[in-house]
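The values are calculated or read from the model by the stated rules, or taken from the named source; none is laboratory data. For clarity, every value in this text was computed on a predicted model and none was experimentally measured. Glycine also receives a Cβ, built like all others from the backbone with ideal geometry; neighbour counts cover every protein chain displayed. The area values use the complete protein model at the heavy-atom level, side chains included, leaving out ligands, DNA and RNA. Shrake-Rupley method; radii C 1.70, N 1.55, O 1.52, S 1.80 Å.
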Amino acid sequence: MDEPMPDEHAEILYFPIRHHSPACAWHVQQVIAERRPHAILIEGPRDATPLIAHLSLPATHAPVAIYTTFVDTANQLGRTAAVTSDTVGQTSGKSSKSARSSKSDKSSASRFAAYYPLADYSPEFVAIRAGTTTGAAVRFIDLTFPEMVIAERGAASEDENSDQKRSPQARSLLDESYLRHSSYLKALCEKTGARDPDDLWDHLYETDFLTVETDEFLRRVETYCALSRADHSEETLAAEGHLAREAAMAREIAAEVANGPGLVLVVTGGFHTPALRERVTALLAQAPQSEAMQGGKKSGKRQTSEPQAIPGEAQTLLMRYGFAQLDRLNGYGSGMPAPAYYQRIWERLQQHPDDAAPVARVAAEVIVELGRLTRARGQGLSPADEIAALDLTCRLARFRNHAQPTREDMLDGIRSACVKGTADAEGAELLARVRKLLMGDMIGDLPPNVGVAPLVDDFRRSAAQHRLDISSLQPREAKLDIYKSVGHRAASRFFYRLDYLGIPFAKRTKGPDFVKGRDLAYMQEEWRYQWAPSVETTLTEQSLYGATLEEAAANLLQEKLSEDEDQGVGRRADVAASHLLNACRMGLQRFAPELLTRTAGLVAEDASVASLTRAADALVLLHRSREPLEAHNLSGVMEVARTAYIRACYLLPDLGNTPDEEEVATLDALNALPQVALSLDDDAMLHALRHDGLRALLANSQPGKGAAICGAGAGALYADGELTEDELITYVTGRLDLDGVAFLRGLLRTNRSIVWQSRQLLTALNATFCAWSSDRFIRQLPELRLAFSDLTARECDVVARNVAELVGATAVPSLVVAGATPDDLLLGATLDERLRATLERDGLLDVFVTVAR
């Protein structure tokens, strides 16, 4: 697999790998130990090369990750349609976590982030450590992350519908999705009986790698990856940034080779290896005519073309990583699943180099540990179960012609020998434990002298300022008097900013929720907080939003506003009001005037009564809570709330056309409107507007449309004395015949007390229901149960006793039926009707009724 070169050039050994493969890592280790290359070039962002010194330290414990971000403050991505793979600077990767791009200011800039995860058994990590030990020059040769983003977005801009224009979340720079989408590999899975490409890889490479010569192993891996690449067109490769990356890596390789004799080891994903061979060969063939190459040979220094300057903010740093993040089954899109399982294999290889069957030994260890874990829970597997599972695992491996058991061989052995019961019950529980065991919970560590993201520094400073203990893993509690103490309000904002950024540090356990309008009677907040490694890991991930918690929260707020626009909810007044409350809660009052203006503008456009009512309610809440939210200087809040209420009232007559999916929200709004009016100084004009709108709603109502909404309107009018009892009963009985129970359901949403306070209404309802046929009553029974579901148990009991008196019953049985489901009650009603029909047929009905009484 060596690439012969002219005498004055170095020898190249291309080492195609699958990321996070112990087999590939073991062969990389062997090659470096035996052939001692003078240079090792690794696929990875070129600007991360200075981090290699930290990665090679004994104090660095994997898993760790290189985390890289790019903030496009210059909004250059809209101008990259002409960028091609040959004109991009020199580094690559996958992009993501993008925000909507608008102006060039930082708060609205597009944001991208990516990971480069490394485990002990990652071939790249092994190459770094082994190469550093032998004195090789080790460096990364891929594009820098900003260059990758420009390459991908530039290609994507040619297709307005391309998914590459916006990625939903940060992804790995070691993407191997091509392995899972290759039609060749799918056909090979079917041919070999493998369940998926992961099982196929284990079948072909992770069982016999100890007995296969390295050159043969490399040939197999490169063939495997080359065939998976055959599915991709040049257009697809360009759009995904592969061509730009490969052009950059080829230039780096050619420049290193031109420096003189020696072995250059090139460690890259196998997907790129065939293209790199072709590109490097072509570049070296042109070397005599290349001034850059000639300059390199004369000076003895590596010459590469410098990358283009890319405006924007970028950072590349190390962060702790965990097996839970690394597990592909948990959502990580590259590499292999079950990191703890492969970690065991790698540790076995290092600790027992003479062991001829380390994978089989690990399978036995996993099965024994699974038995121990289950026994600790009182539902353990017996030693006989463990022996049977291991025996089946080894038999399956031999049957499938595996030199050692694969992960799937082991899982099949466990399924066959240990699942005692159904596969979707006991089996699911056991296999969930197996998966957790194979995934592991290991978290990496970095030396203290490794720099951290500025956001992590700000978190530590802020925690110290608020006297929060983050020195241990013990959970702590904090009680904050947000109405009296300025310092406590600052601590509250600190907690809310972390929560908004998704940092798993603190949770409010008690206190007012000003955004949802709950528990507002509380004068204090109680928080439970706990430091964990995941706190600083997530802070590092969120550092693409800013260097301080305040800046990051502000930029994320701007991004969410943009996402609202993209998702079609950006024109809703209640969404804007919610953002306003969130901003004040996080101490971002500088954004409050702008957000209030935005809310006011949307109130004038919003056509949803539910949205307008929620917006008015939120603004009233903001005004009432202006002390703890420090919104004293925000003027015009109540004026906007009043406008939202008035507009909602003007829209009431058309609520009969409310779509079914908006019915519940609209019913809630009709319930909330009276309270909003009371909060707006109880202006008689405001009540009159609502009453006029509700009367128009009832007048405009049509059979079969908006029955529940109209019922809610009638209930609200009756509660305010704007509808007489006779008028209400006329509406109810008429709509029951036309629309079934929906009108009654709406009525009870806004005025449920009427069903036990109005004897006349109860009599009318009873007469209507008795007039229905048994079949109709049974069909309407689920809807009736739903209509009365808002009543408390005590209220239901009052109604039941009133009905009993109405029909002359002398005893009312308890309404408490333990364990009954709606289907049980419906079945009971059906059986009761059949029994009644049978008794009547046999002439026994009167006798039965008399005895029952």
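Distances over 11 Å make up what percent of all Cα-Cα pairs in segment 217-260? Above the 11 Å cut-off, segment 217-260 has 71 percent of its Cα pairs. Extending 7 Å from the Cα toward the beta-carbon at both Glu34 and Arg219 defines two label points whose distance is 1.4 nm. Once the C-beta distance of Ser635 and Arg834 is scaled by a Förster radius of 56 Å, the resulting FRET efficiency is 0.20 to the nearest 0.05. If one computes P(r) from the Cα atoms of segment 504-580, what percent of pairs lie at distances over 17 Å? When all Cα pairs of segment 504-580 are counted, 63 percent exceed 17 Å. Two numbers describe the Cα atoms of segment 189-228: Rg and Dmax, which are 10.5, 28 Å. For a modelled paramagnetic label at Ser534, 7 Å from Cα along Cα-to-Cβ, the residues of segment 486-505 in reach, with backbone nitrogen under 12 Å, are 503-505. Our estimate of slack between Leu678 and Ala376, defined as 0.36 nm per intervening residue step minus the Cα-Cα distance, is 102.8 nm. Given their separation in residues at 0.36 nm each and the Cα-Cα distance between them, Glu526 and Leu845 gain 108.5 nm when the chain is fully extended.
Per residue, segment 483-580 exposes 40 Å² of accessible surface when a 1.4 Å probe is rolled over the protein heavy atoms with every protein chain present.
For segment 624-768, the residue among Leu736, Gly693, Tyr645 whose Cα projects farthest onto the positive side of the dipole built from Cβ charges is Leu736. On the basis of the beta-carbon distance and an R0 of 41 Å, Gln465 and Val664 show a calculated FRET efficiency of 0.40. Residue pairs exceeding 20 angstrom between C-alpha atoms, taken from Lys516/Lys705; Lys484/Lys560; Lys191/Lys420; Lys516/Lys560: Lys516/Lys705; Lys484/Lys560; Lys191/Lys420.
Taking all pairs of distinct Cα atoms, average 1/r, flip it, and tell me the Kirkwood hydrodynamic radius of segment 464-513 in Å to one decimal place. Radius from the Kirkwood sum: 11.8 Å.
With a Förster radius of 30 Å applied to the C-beta separation of Glu805 and Arg776, the computed FRET efficiency comes to 0.75.
Subtracting the Cα-Cα distance of Asp720 and Ser233 from 0.36 nm times their residue separation leaves 168.3 nm of extension gain. Backbone N atoms of segment 381-411 closer than 12 Å to the 7 Å Cα→Cβ label point of Glu426 belong to residues 381-382. Accessible-area rank, largest first, for Tyr718, Tyr645: Tyr718, Tyr645, with all protein chains present and a 1.4 angstrom probe.
Heavy-atom accessible surface of Met638, to the nearest 10 Å², is about 40 Å², with a 1.4 Å probe and all protein chains retained. Please list, in order, the residues from segment 541-566 whose amide nitrogen is less than 18 Å from a point placed 7 Å along the Cα→Cβ vector of Glu594. Taking a point 7 Å out along Cα→Cβ of Glu594, the residues of segment 541-566 whose backbone N falls under 18 Å are 545-566. Of the GluC sites (Glu not before Pro) in segment 193-264, the ones in a loop by DSSP (not H, G, I, E or B) with at most 10 other beta carbons within 10 Å are Glu213.
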